[in-house]
Amino acid sequence: MGSSIYGVSSSHISLFLFFSFLSLSTAALPQNPSGKSSPSGQINSNSVLVALLDSHYTELAELVEKALLLQTLEEAVGKHNITIFAPRNEAVERQLDPEFKRFLLEPGNLKSLQTLLMFHIIPKRVGSHQWPDPKTGPVKHNTLCNDHIRLTSQSTGKKTVDSAELVRPDDVIRPDGVIHGIQQLLIPRSVIEDFNRRRNLRSITAVLPEGAPEVDPRTHRLKKPAPVPVGAPPVLPIYEAMAPGPSLAPAPAPGPGGPRHHFDGESQVKDFIQTLLHYGGYNEMADILVNLTSLATEMGRLVSEGYVITVLAPNDEAMAKLTTDQLSEPGAPEQIIYYHIIPEYQTEESMYNAVRRFGKVKYDTLRLPHKVVAQEADGSVKFGHGEGSAYLFDPDIYTDGRISVQGIDGVLFPEEDTQTVKKPAAVKVASKPRRGKLLEVGCWMLGSLGGGSGFRWCQ
């Protein structure tokens, strides 16, 4: 997992330097005779957390760093001793199911990774001599994730932690805790359920939804078309699904997931918004979707009806450059976000392959009739034109088969058509009233006969 220098991961080096800095800052403090860390939460170089950098457990230490659990463990060590059941590196690196490993390392599954790691830690010191006697049976201990594990001993002398065998008892002993080496990774039931639920969702998202019933615009009644084959896309285009329809709205497109066989778009939108918050740097985008507008609800309804979307999410630095004039007009936030939503399912790989092959690609957006232009630039995907362009900055923040979120480093705006031709205003020329041809001929004849009196009469 990650690059290494002479067998030591770079992330482990940064973790060691972090703990070393904390130890230097507390060197002048008096030693705690109880062996526990100071109440302020600072740890010393003799802490059990620093011992995680032992070469036997570098994979576990790297997972702890990726799960952002350092502060949580510091607080736990500051309150009481802890016992860590550390699986072997081979158990994490080679013996773990690759699909389950990818599930744990996805940003949207950070909570599952934290639960799994805290399942290996109990908030008390339990040495190998404190294992229960084989005659007394297993003993339960609460873990940091509010679950429990069972410690058992067999008559043969074998000791286990749930289903994992204890292979290195009392491997690391420190004043504030102890580390036991175990044969394999411990996986709580809640994490297994999350993994199975997400795997089932991925399997059903590969199946296109059935077509929604079609409504006759004249009678507002459902038509009776030919049977729609399973897997057909929704009948109505996404733009008509967004617009307010008649009192009898089209029914959601049936899907294989959920108790009523419909897609749960609301849960999927909620999941991707939480992923934005956990990922970091996209709080403004999440705030606009949830608080300033009702776009999150509308997106959930569209996904529930069988549509797929790709969100180009500007990061917080890009959103901070928006001016008050750009946001003050009624409906401006909605129009900005609509231009960042593509009614297709696109990933970083699919978009990059498209721009590599075709040069420039125009994607439809929910802001009709504007399209967003993508092209290859500097080995990445660039959206927009000129100064208003943005690069694909954080690819595949969230991808579940129906919603794709791609982070970009700028806010996109439609290119205004500045080459409109102004038609000159029609100028009315006031012409003198002209007499009819017959009247002119008659006046000339009268003038010739009457000696000019007729001409004066015509004047």
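Before moving on, here are some points about what is shown:
- Failed item, numbered, when Pro188 is tested on (1) of a type outside the set (A, V, I, L, M); (2) under 35 Å from the mean Cα position of the chain (by Cα); (3) surrounded by fewer than 19 Cβ atoms within 10 Å (Cβ to Cβ): (3)
- Restricting segment 113-168 to residues that are among the small types (Gly, Ala, Ser) and closer than 17 Å to Ala91 by Cβ, the residue that is least open to solvent (accessible area, probe 1.4 Å): Ala164
- Check on Leu96, at pLDDT 85 or above and among the aliphatic types (A, V, I, L, M): no
- Selection from segment 278-325 of residues that are within 15 Å of the chain's Cα centre (by Cα), among the aliphatic types (A, V, I, L, M) and within 17 Å of Phe383 (Cβ to Cβ): Met285, Ile309, Val311, Leu312, Ala313
- All positions within segment 114-133 that are of a type outside the set (Lys, Arg) and either over 37 Å from the mean Cα position of the chain (by Cα) or modelled with pLDDT under 90 (or both): Val126, Gly127, Ser128, His129, Gln130, Trp131, Pro132, Asp133
- For segment 359-368, taking the residues that are at pLDDT 90 or above and open to solvent by 90 Å² or more (accessible area, probe 1.4 Å), the one that is farthest from Met299 (Cα to Cα) is identified as Lys360.
Table: residues versus (1) under 18 Å from Leu116 (Cα atoms); (2) assigned to a loop (DSSP other than H, G, I, E, B); (3) outside the structural domain of Val308 (by the TED database); (4) modelled with pLDDT under 60.
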| site | (1), (2), (3), (4) |
| --- | --- |
| Arg150 | yes, no, yes, no |
| Arg168 | no, no, yes, no |
| Ile179 | yes, no, yes, no |
| Arg197 | yes, no, yes, no |
| Leu208 | no, yes, yes, yes |
| Gly211 | no, yes, yes, yes |
| Tyr239 | no, no, yes, no |
| Pro244 | no, yes, yes, yes |
| Ser247 | no, yes, yes, yes |
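- Only one entry of Leu60, Leu96, Leu68, Leu73 meets the criterion of being within 21 Å of the chain's Cα centre (by Cα) and of a type in the set (A, V, I, L, M, F, W, C), and that entry is Leu68.
- Any chance Lys101 is in contact (Cβ under 8 Å) with a residue 24 or more places away in the chain and open to solvent by 10 Å² or more (accessible area, probe 1.4 Å): no
- Yes/no for Thr136 being modelled with pLDDT of 90 or more and among the hydroxyl-bearing types (Ser, Thr, Tyr): no
The values are calculated or read from the model by the stated rules, or taken from the named source; none is laboratory data. Note that the structure is predicted; figures quoted are calculated from it, not measured. So basically every Cβ, Gly included, is an ideal-geometry build from the backbone, and we count neighbours across all protein chains shown. Surface areas here come from the heavy atoms of the whole protein model, side chains and all, with no ligands, DNA or RNA. Shrake-Rupley method; radii C 1.70, N 1.55, O 1.52, S 1.80 Å.
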